[in-house]
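Below is one structure; the comments refer to it alone.
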Amino acid sequence: MKKLSFAKASCLLLGMCLALAIHAPAQTFTILQNFQQSDPTSALVQGLDGNFYGTMEGGNIGFEGNVYTLTPGGTYATIASPCCYSYAPVVLASNGYFYGSTQQGGAALEGSIYKMTASGAESTLYSFCTTTCEDSSYPHGSLVQLSNGDLYGTTVSTIFKITLAGELTTLYNFCSGTICNNGPITPSGLALGSDGNFYGVTSSNENYGTVFKMNPYGGVTTLHVFSVADGTTPVGPLVQATNGYLYGVTLSGGTGVNRACNLIGTGGCGTIFKISTTGAFTTMHNFAGRDGANPSAGLALASDGNLYGTTYYGGNNPSNTGTAFVLSPTGAFKTIYDFCSQTYCLDGANPFMPLLQATNGTLYGTTRQGGTQTNGVFFSLSRGLRPFVQPIPAQGNAGTNVTILGNGLTGATSVTFHGVPAAFSVLSDTEMSATVPTGATTGAVVVTTPSATLNSNVAFRVGH
């Protein structure tokens with residue numbers, strides 16, 4: 001019998017394997033849609049139907065933005081126009097509704113949280129600044145849901161939670177007391193860590209940005225303050241890899257100085273970093289122009305254990321219009337696509353939002369410019385990555401009802417939570433529901449279908 005290495009045996013036991021190096025799989029880049037108006041302004045999210053949802057500038061006069069849907073094949077439709085300036089991505093909640101925010105609009109025109117069906121019927125859940133503005137204004141960044149249903153998010157200066165009934169509580173104000181005299185300290189989205197705490201980044205006029213940790217009750221600890229050499233203006237949200245570290249990017253700073261640098265912010269072309277939950281910080285990569293410059297969006301953890309992202313500028317061609325890249329958790333870096341490689345930038349230019357790995361294994365993304373209409377494109381990047389399942393929410397106690405997204409789920413024969421069988425129902429080829437079983441511990445969700453065994457990308461955390 002052939003012996004498995006300890007690392008190989010461990011990752012098989014966990015149901016997920018950490019990529020320690022970057023291989024060079026066959027890759028296919030495909031333009032699926034040329035946007036007809038304006039440009040996309042938020043990350044894509046996958047819905048229960050397997051389609052993707054995002055927001056875009058423009059739209060109806062007075063609304064200045066809309067929510068659109070795209071099929072994996074590229075069919076585009078506008079489904080809603082929440083007022084006004086809906087730049088943050090929508091999030092799919094456990095009740096099947098999408099929730100998002102507008103930077104303006106609402107009763108006081110200072111921003112709102114809205115609720116939306118998959119067909120686009122939307123209603124305002126909460127309006128900011130209707131009285132004394134102690135709840136702040138201008139929400140931005142994606143919302144994060146806990147297993148009790150509450151959503152957590154950020155405004156221009158605060159972190160808040162809001163129930164699905166619309167009751168909002170401010171958990172932390174970055175501008176309380178005498179700080180923020182030189183401008184707001186702005187948090188940029190939240191990530192829920194495997195330890196139950198939230199992690200995020202801030203930018204401000206007072207420093208070059210920070211990484212912070214917040215417990216669910218609003219206690220905030222600064223983990224790292226940037227200093228140009230290790231980056232400036234961090235861009236969220238962070239993403240936690242299976243090794244427990246959180247990974248992120250800075251828009252500028254670092255030590256990589258070459259062509260296409262210093263177009264944004266201070267210092268070099270930007271960086272990729274990792275940080276532990278206790279604050280141990282490491283710069284993983286300094287962008288230097290030809291490998292990309294000025295990453296403007298966070299990273300995506302894919303089913304091969306690697307992290308994928310884009311840069312707004314840079315690249316190995318004269319256009320200076322951005323790249324797509326992959327980073328292993330141990331620091332191996334590779335540029336995998338240079339945008340504007342086609343004549344007239346028909347393949348898109350200047351990607352501005354994070355990549356999304358859909359549950360079919362393919363990476364999807366958008367660019368802000370380029371394409372036949374010069375308003376950006378919707379593209380897919382296939383690298384032969386394995387399909388997976390995504391539980392919503394990604395944490396909960398025994399008895400919690402969990403929605404599971406995937407592909408080819410029809411005929412599924414079992415669902416397990418870290419090896420413990422769970423009761424489940426198949427609702428469609430792209431949606432299941434399951435109940436966290438008694439005795440389950442933190443680990444992978446695994447769905448067995450007639451044709452495949454599908455693991456979750458990250459461990460499902462048992463507990464609130």
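The values are calculated or read from the model by the stated rules, or taken from the named source; none is laboratory data. Owing to the predicted nature of the structure, the values given are computational and were not obtained by experimental measurement. Virtual Cβ from ideal backbone geometry, glycine too; neighbours counted across all protein chains shown. For accessibility, only protein heavy atoms count, side chains too; no ligands or nucleic acids. Shrake-Rupley method; radii C 1.70, N 1.55, O 1.52, S 1.80 Å.
Here the label points at Thr222 and Ser276, each 7 Å from Cα along the C-beta direction, are separated by 2.1 nm in the simple model. Annotated for the chain: lysine pairs at least 8 residues apart or interchain, Cα distance under 19 Å, count 4. Shape class of the range 260-344 from the Cα gyration tensor (axes a ≥ b ≥ c, square roots of the eigenvalues): oblate, since a/c reaches 1.5 or more and a/b does not exceed b/c.
Each Lys and Arg contributes +1 and each Asp and Glu -1, all at the Cβ; summed about the Cα centre of the chain, the dipole is approximately 1300 debye. Neighbours of Thr155 by Cβ distance under 10 Å: Lys/Arg scored +1, Asp/Glu scored -1, total -2. Note on the range 342-375 and the range 211-241: Cα centroid distance 28 Å, given to the nearest whole angstrom. Calculated mean residue ellipticity at 222 nm for the chain: -500 deg cm²/dmol, from DSSP H runs with n ≥ 4 weighted as -39500 (n - 2.57), summed, divided by the residue count and rounded to 500. For the pair Thr448 and Ser38, a Förster radius of 35 Å applied to the C-beta separation gives a FRET efficiency near 0.20, rounded to the nearest 0.05. Between rounded, prolate and oblate, where does the range 389-464 land on the alpha carbon gyration tensor, with a ≥ b ≥ c its root eigenvalues, rounded for a/c under 1.5, else prolate if a/b exceeds b/c? Prolate, since a/c reaches 1.5 and a/b exceeds b/c.
Think of the chain as a dipole: +1 on every Lys or Arg Cβ, -1 on every Asp or Glu Cβ, centred on the Cα centre; then among Ser137, His285, Thr69, His285 lies furthest on the positive end.
Here the gap between Val420 and Thr30, fully extended at 0.36 nm per residue and compared with their Cα-Cα distance, gives a gain of 136.5 nm. Taken about its Cα centre, the range 102-182 carries a charge dipole of roughly 120 debye when the Cβ of each Lys and Arg holds +1 and the Cβ of each Asp and Glu holds -1.
Given R₀ = 45 Å, FRET efficiency for Gln373-Asn205 by Cβ-Cβ distance, to 0.05? According to the calculation, E is roughly 0.75. Rolling a 1.4 Å probe over the protein heavy atoms of the range 119-243, with every protein chain left in place, gives an accessible area that is 47 percent carbon and sulfur. Under the classification rounded if a/c is under 1.5, otherwise prolate if a/b is larger than b/c and oblate if not, where does the range 96-218 fall, given a ≥ b ≥ c as square roots of the Cα gyration tensor eigenvalues? Since a/c reaches 1.5 but b/c is at least a/b, the shape of the range 96-218 is classed as oblate. Annotation: for a label point projected 7 angstrom from Cα along Cα→Cβ of Thr117, residues of the range 404-442 with backbone N closer than 19 Å are 428.
I'd like the FRET efficiency for Asp195 and Asn401, computed as 1/(1 + (r/R0)^6) with the beta carbon distance as r and R0 of 22 Å, rounded to 0.05. My answer for the efficiency is 0.40. Relative intensity of the chain on a log10 scale, I(q)/I(0) at q = 0.09 Å⁻¹, equals -0.56, per a Debye sum over C-alpha point scatterers of equal strength in the absence of solvent. Taking 7 Å steps out from each Cα toward its Cβ at Thr169 and Ser341 produces label points 5.0 nm apart.
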